[in-house]
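Have a look at the structure below, then the notes.
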There are 2 protein chains.
Amino acid sequence: MDTKHAVVLLSGGLDSATILAVAKSEDYLCHCLSFDYGQRNRHELEAAKRLAAGAASHTIMPIHLDHFGGSALTGDGEVPKNTETKGIPVTYVPARNTIFLSYALALAEIRNAEAVFIGVNSVDYSGYPDCRPEFIAAYQKMANLATKRGVEGDTVTIRAPLQNLTKSGIIAWGTSLGVDYSLTLTCYDPVGAEGLACGGCDSCRLRRQGFLEAGVDDPTRYAKK
Amino acid sequence: MDTKHAVVLLSGGLDSATILAVAKSEDYLCHCLSFDYGQRNRHELEAAKRLAAGAASHTIMPIHLDHFGGSALTGDGEVPKNTETKGIPVTYVPARNTIFLSYALALAEIRNAEAVFIGVNSVDYSGYPDCRPEFIAAYQKMANLATKRGVEGDTVTIRAPLQNLTKSGIIAWGTSLGVDYSLTLTCYDPVGAEGLACGGCDSCRLRRQGFLEAGVDDPTRYAKK
């Protein structure tokens, strides 16, 4: 059987840990791609390194969105706590997934990967425009026209296997695939040198509720319970 | 009249100098965006700086395609001389315009720009997949879905005004707009500390022929005539 290669966008969070496991379960050799974009959450990159330990390769690509400014995730603004997200969250980074997917597309071309895995899902796309199914579909059409391989009829498939799952569904699937979620970090605002989850931000709330609903013990190390 | 903002992708070459002039002629305040992607041609960035001197802003965004490898433009391979390009040139950089446009889209969102100008044209798209009109059209559709502004119905228009022009047509138009082409550099393999045009690479050949056909004196400083 020919070796199959995939690029996996790996943030270090729960969702990306799950898509890495999904890609591995489909016998892909996985080339993990993380971004150092000046995010306040440096612990997330450490989590990505832990998760990528058994992968074929792991590239941490420095990008410089901080040159542009404009988002709580890269700035010094307060991260909202215990708020319901309505509309587009203030943590939105302009064109972030567009940029991330574009690097992934380049890496896929270079590694002869036939798929790019991205961990967008139904919870995310309630707020972020670039997490919606219609965005991924439009990106696919563009990608088919963007590259040498695409022109030669050998397209790269953008895979978003979590697209229609709730957080609890993702956790249930990942658990069945053996994902060790204690390695992951999704908190927007981790606490202390160890980077414990704050337990209060939107991301922590969604995660905690997901484990509860999935009936899976939550291995997250919270700063407060 | 409201101030209009545009992002202009500025490589420092003849085509990008022309689209900057086109954008200015339409009364856009221009935010120039260049990329330092480890290209062998460092003189190109110097040309971009000269061209952007009168613009509203100029960002030189470091990107690290060299982490990926895979092209003559960023590697140490020989640049082909005096060859007709058939199919996709060896100077192709995977997903380059996809990545460049994605950063431009982010900057457009931040600066409230209503347009992104890119200097792709009919000569380029004979070889590069991501210079073709159908690629730009697909990118536009994706961009409409990718950003907060797009979702709110206020899309960023991807403008490729050189799309259907030959090199001589571009030169004629730019000359009528007052572009000083002596500031630009398009050579793949410039010579010496001054960065003189080699006169032999595909890019120099197309440029020289363009001036000839346009009936405009060629101000390019060639290492050899």
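Tabulated values for the structure
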| read-out | value |
| --- | --- |
| For the stretch A:131-140, Karplus couplings with θ = phi - 60° (6.51, -1.76, 1.60), whole Hz, Gly/Pro x | 10, 7, x, 5, 5, 4, 5, 5, 5, 4 |
| Across the identical copies, how the residue A:42 labels are spaced - nm, sorted shortest first, 7 Å along Cα→Cβ | 3.0 |
| Under 5 Å, built H, 5+ apart or other chain: amide partners of residue B:58 | B:32 |
| Vicinal HN-Hα couplings computed from phi for the stretch B:148-165 (Karplus, 6.51 cos²θ - 1.76 cosθ + 1.60; Hz; Gly/Pro x) | 3, 5, x, 4, 7, x, 10, 6, 9, 8, 7, 9, 10, x, 8, 2, 9, 9 |
| Two-site label geometry, residue B:3 and residue B:180: point separation in nm, points 7 Å out along Cα→Cβ | 2.5 nm |
| Positive-end extreme of charge dipole, chain A - chosen from A:142, A:173, A:220 (charges on Cβ) | A:220 |
| Position residue A:219, label points 7 Å along Cα→Cβ, spacing to each other copy in nm (shortest first, one decimal) | 6.5 |
| Where labels lie 7 Å past Cα in the beta-carbon direction, separation of residue B:157 and residue B:112 in nm | 1.9 nm |
| Using θ = phi - 60° and Karplus 6.51 cos²θ - 1.76 cosθ + 1.60, couplings along the stretch A:13-24 (whole Hz; Gly, Pro as x) | x, 4, 5, 5, 4, 5, 5, 4, 5, 5, 4, 4 |
| Amide H within-cut-off set for residue B:117, under 5 Å, with H built and near neighbours excluded | B:7, B:8, B:9, B:159 |
| Helix-only CD estimate at 222 nm, as mean residue ellipticity for the protein assembly as shown, using -39500 (n - 2.57) per DSSP H run (n ≥ 4) | -10500 deg cm²/dmol |
| Partner chain coverage, peptide B:57-64 - average Cβ within 10 angstrom | 3 |
| Peptide B:148-156 - average C-beta neighbours from other chains (10 Å radius) | 3 |
| Calculated label separations, residue A:112, copies of the chain, 7 Å along the beta-carbon direction, nm | 5.1 |
| Shielding score for A:133-145, defined as the mean number of other chain Cβ atoms within 10 Å | 6 |
| 5 angstrom amide H check on residue A:35, placed H, neighbours 5+ away | A:61 |
| Radius, Kirkwood style, for the protein assembly as shown when every pair of distinct Cα atoms is counted (Å) | 23.0 Å |
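Where a number appears in this text, it was derived from the coordinates with a stated rule and is not lab data. Please read all numbers here as calculations on a predicted model, not as lab measurements. All Cβ positions, glycine included, derive from the backbone under ideal geometry; neighbour counts span all protein chains shown.
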